[in-house]
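**Student:** Okay, handing you the structure first.
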Amino acid sequence: MSTKNRIRSGTLAATALMALSLTACAPGGSAPAESSSEPVSDDIAGAGEVTLSVWDQNTDEGINEAQESLNAAFTEKYPNVTIEREVQSFADLKTTLRLALSGDNPPDVIQANQGYPDMGAFVEGGLIRSLNDYDELYEWSSYYPESLLKINSFSSDGSEWQGDNLYGISQAGEVVGVYYNRDILEQLGVEPPTSLEDLESAMAAAQAAGIQPMAYGDVDKSPGIHLYGVVQAALAGADVVNELATGQGGAWTDETSVQAAEVVQSWAENKYLTEGANGISRDEAIAAFEAGNAAFTISGSWLQAQFTESMGDSAGFTTLIPEGEETPATTGGESLAWAITTGAENPDVAAAYIDFINVDNAAQVFLEQNSLPAVLPDDYQAEEGTLTADVVNAYQTVSESGGMVPYLDYSTPTFYDTLSSAVQQLTDGQVTPEEFAEILQDDYSAFLESK
Amino acid sequence: MSAAPLLNTATGARKAGATTGRTRRRAAGWKAYLYILPAVLFSVTFLIVPTVQTGWYSLFEWNGLSAATWVGFENYLDVFRDEDLRDSFGHVGTLIVFYSFVPISVALLLTMIISRANALRGMSFFRTVLFLPQVIASVVVATTWLSIYSPNGLLNTILRAVGLDSLARVWLGDTSSALIAVGLIGTWLNVGLCLVLFLSGVGNVQPELFEAARLDGANGLQEFFGITLPALRGQIVVALTLTVVSALKTFDLVYVTTRGGPGNATSVPAYEAYSRAFVSGQVGSAASVAVVLTIVILLVTALISRLQPKEAE
């Protein structure tokens, strides 16, 4: 017995020591040196045979087709380039990208979510390269408005969002707002709402007529961020939320943010939101809206193609104007940023690729697929009375008037989790609006202190 | 797990060699180690190194990408200080009831009934049906139950059909019912496993014992507590170990059905470890949760194994 024990503990100690010696250095190591200052080039045809590994999340209807045709057009232009596309849903990409990037063989081109959780962490880890040199080469600054470039920028150490270095460019414009069913609103005799007050009275009218006011399913946890974001922007206005989300000032416990929580909770209590929403998937809620079983649903422009296809012109889109202001304020910005990894073997080809799929003729391809491009062509005019016109107009008005606020989950590295869980608790009556605000503020202030 | 039998083989080989002189013993010992080398390499690479690595990571604050900061045992203190993490261990306690205690009780009851009706027709068919949940992929199980629990799913339809409208709800979306709903999936999963174990145990009891008891006028209950239950002690310990560990390790059901929601009502340590490591970039904290979970599982298993009857060893 004792020999057995001795052998056992001896072997265990030996293996433990061996394993320790294999790992005995702080994980992560140091960030790789800044990308070399080699001159950049746009000579792709002369680059030889190149395989570009690309990871994206363009799975939504319309956008997927747009991506496929852009890829095909690029390889047609440069037959020496082969594109290996790996496409995953947003949530899957968010979890697998971290591992892929920290491995020895990362993809060349990726779509990175903006803000601290993803892009900030990638920059801090030296995993994606600054695109300032390619920005000069391809003149992206003259194509994109500054507000859109800012969202894709960080300081070189990843500590300050909207810093001096550009890390990606985006294809699609995004604006989150209130989709409505034109037929139902006509039947109720109400106009498409343009303020929170209008929206609430329209929902009350729908409820009185026995129609589900708003389709909402939050089992996937992300729709809650949009619900709260839209209400908060409509109450607090764009400037306040912008300062808050970028860490420049304010607190989640401020009056308007708490009020927004009160509104969201009252919608759940009054059954304006689908009952038991925390157990209903985003897709189920969207399907209910498409089937004409609900008057409204809150979501983003990425559903434009799907709703155009399924509902035709009976779907409309509107954004809410804060009290005492002239123009709407709402969540929005642009789709995930196309970025180049520091491990990319041929950054020149990668840059030409992202320039091609984002800038050159991308806007037209997106419009053909009923999707909203980040930058609309100058001469573009949407057909009146269509969902496309609603979405395009909302996007243009909100961007031009400075009414765009970033996705709230950009705020801190853990905010996606904190906020989405807290909204579930809020709609389920598990926390009061004040407690909800405290939960957000705790996460927020801990992050600001750690910076 | 796999290291222990390996070591036993090694000592066994040494003992066998001991009878035939010093030199041969040494040679035989040396060769014996060669035989186990592939298995040792395998378990060191895929089990021991990752385990030690996880322990090492748990001492750092690390987002998985950039350089890490040494924080000592801070992450472990957080496991106890952080309300969400504490809750997740509490939830697992509830799950143990539904994954382990309930199925074992139900299976014992069924065993009592079935073992009385010893010539039940189509027994093997029922056994297969009851065991089926164990062989279905857990994602399929979770998706099936997602549909059963949905607002217009089977459960709510039945409740409404029998006039219990007030009970109908979105089971997985309601903070008060979500954890129990997940637990009941576990119950459904584990009843079959326990029953098959117990039935095989009852099969080992000599029929004369039952006959004798019946001749003495014992009723069903007396028979059960006098013969069946003591005879099943070994099987119950095995069932306890398997089901309690499966409750502690729960990840797949939670991941597919609720993602830890609503709020954090169904978060469990394994899900927290996953979400911290891969979603919110808190690798150190995730590793410490994993280490604590492993220790808890080892402790619980050790405690349960003390219930094992001595002669079974």
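The values are calculated or read from the model by the stated rules, or taken from the named source; none is laboratory data. For clarity, every value in this text was computed on a predicted model and none was experimentally measured. Note that each Cβ is placed from the backbone with ideal geometry, even for glycine, and that neighbours are counted across all protein chains shown.
Listed here are the residues, each with its yes/no results for (1) part of a loop (DSSP other than H, G, I, E, B); (2) modelled with pLDDT of 95 or more; (3) within 14 Å of chain A (Cβ to nearest Cβ).
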position: B:GLN235; (1), (2), (3): no, no, no
position: B:VAL238; (1), (2), (3): no, no, no
position: B:VAL256; (1), (2), (3): no, no, yes
position: B:PRO262; (1), (2), (3): yes, no, yes
position: B:GLU272; (1), (2), (3): no, no, yes
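**Student:** Another question, if that's okay. Among residues belonging to the range A:257-300 that are among the polar types (S, T, N, Q) and crowded, with 18+ Cβ neighbours inside 10 Å, point out the one that is modelled with the lowest pLDDT.
**Tutor:** A:ASN278
**Student:** Which residues, counting only those in the range A:117-143, are over 30 Å from B:VAL279 (Cα atoms) and under 20 Å from the mean Cα position of the chain (by Cα)?
**Tutor:** none
**Student:** Please work out which residue is surrounded by the fewest Cβ atoms within 10 Å (Cβ to Cβ), limiting yourself to the range A:229-255 and to residues that are β-branched (Val, Ile, Thr) and within 19 Å of A:VAL175 (Cβ to Cβ).
**Tutor:** That would be A:THR246.
**Student:** Look at the range B:120-172 and say how many of its residues are closer than 17 Å to B:GLY186 by Cα and either polar (S, T, N, Q) or part of a helix (DSSP H, G or I) (or both).
**Tutor:** Selection size over the range B:120-172: 20.
**Student:** Hey, among A:ASP378, A:ASP390, which residue is away from chain B (no Cβ under 12 Å) and without any contact (Cβ under 8 Å) to a residue 24 or more places away in the chain?
**Tutor:** Result of the check over A:ASP378, A:ASP390: A:ASP378.
**Student:** I'd like the full set of residues that are in contact with a Phe, Trp or Tyr (Cβ under 9 Å, 6 or more places away or on another chain) and either assigned to a loop (DSSP other than H, G, I, E, B) or among the β-branched types (Val, Ile, Thr) (or both), limited to the range B:219-233.
**Tutor:** The answer is B:ILE227, B:THR228, B:LEU232.
**Student:** Could I ask something else about it? If I ask for residues that are in contact with a Pro (Cβ under 9 Å, 6 or more places away or on another chain) and under 23 Å from B:THR258 (Cα atoms), which ones from the range A:420-451 would you list?
**Tutor:** Of everything in the range A:420-451, those that are in contact with a Pro (Cβ under 9 Å, 6 or more places away or on another chain) and under 23 Å from B:THR258 (Cα atoms) turn out to be A:SER420, A:SER421, A:VAL423, A:GLN424, A:GLN425, A:LEU426, A:THR427, A:ASP428, A:GLN430.
**Student:** Another question about this same structure. Among what's in the range B:52-82 and is touching a residue at least 60 places away in the same chain (Cβ under 8 Å) and of a type in the set (Ser, Thr, Tyr), pick the residue that is nearest to the other protein chains (Cβ to nearest Cβ).
**Tutor:** B:TYR57
**Student:** Shifting gears a bit: Given (1) in a helix (DSSP H, G or I); (2) under 23 Å from B:PRO309 (Cα atoms), where does B:VAL205 come up short, assuming only one miss?
**Tutor:** It fails just one condition, (1).
**Student:** Name the one entry in B:GLN308, B:GLN282 that is polar (S, T, N, Q), in contact (Cβ under 8 Å) with a residue 40 or more places away in the chain and within 14 Å of another protein chain (Cβ to nearest Cβ).
**Tutor:** Among B:GLN308, B:GLN282, only B:GLN282 is polar (S, T, N, Q), in contact (Cβ under 8 Å) with a residue 40 or more places away in the chain and within 14 Å of another protein chain (Cβ to nearest Cβ).
**Student:** Just to be sure I understand, how many residues within the range A:167-196 are surrounded by fewer than 16 Cβ atoms within 10 Å (Cβ to Cβ) and without any contact (Cβ under 8 Å) to a residue 24 or more places away in the chain?
**Tutor:** 4
**Student:** A follow-up question, please. Please find, among B:VAL140, B:VAL79, B:VAL162, the residue that is modelled with pLDDT of 90 or more and in contact with a Lys or Arg (Cβ under 8 Å, 6 or more places away or on another chain).
**Tutor:** Matching residue, one of B:VAL140, B:VAL79, B:VAL162: B:VAL79.
**Student:** Related question: Run down A:GLU309, A:GLU275 and say which single residue is among the charged types (D, E, K, R) and part of a loop (DSSP other than H, G, I, E, B).
**Tutor:** After applying the criteria, what remains is A:GLU275.
**Student:** Taking A:ALA287 as meeting all but one of (1) within 14 Å of chain B (Cβ to nearest Cβ); (2) in contact with a strand residue (DSSP E or B) (Cβ under 9 Å, 6 or more places away or on another chain), write down the number of the exception.
**Tutor:** Of the numbered conditions (1) within 14 Å of chain B (Cβ to nearest Cβ); (2) in contact with a strand residue (DSSP E or B) (Cβ under 9 Å, 6 or more places away or on another chain), the odd one out for A:ALA287 is (2).
Yes/no matrix, rows are residues, columns are (1) surrounded by fewer than 21 Cβ atoms within 10 Å (Cβ to Cβ); (2) modelled with pLDDT under 95; (3) part of a loop (DSSP other than H, G, I, E, B); (4) within 14 Å of chain B (Cβ to nearest Cβ):
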residue	(1), (2), (3), (4)
A:LEU93	no, yes, no, yes
A:PRO117	no, yes, no, yes
A:GLY120	no, yes, no, yes
A:SER141	yes, yes, no, no
A:LYS150	yes, yes, no, no
A:ASP157	yes, yes, yes, yes
A:ASP198	yes, no, no, no
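**Student:** Would the range A:218-239 turn up any residue that is modelled with pLDDT of 95 or more, hydroxyl-bearing (Ser, Thr, Tyr) and not in a helix (DSSP H, G or I)?
**Tutor:** No, the conditions are met nowhere in the range A:218-239.
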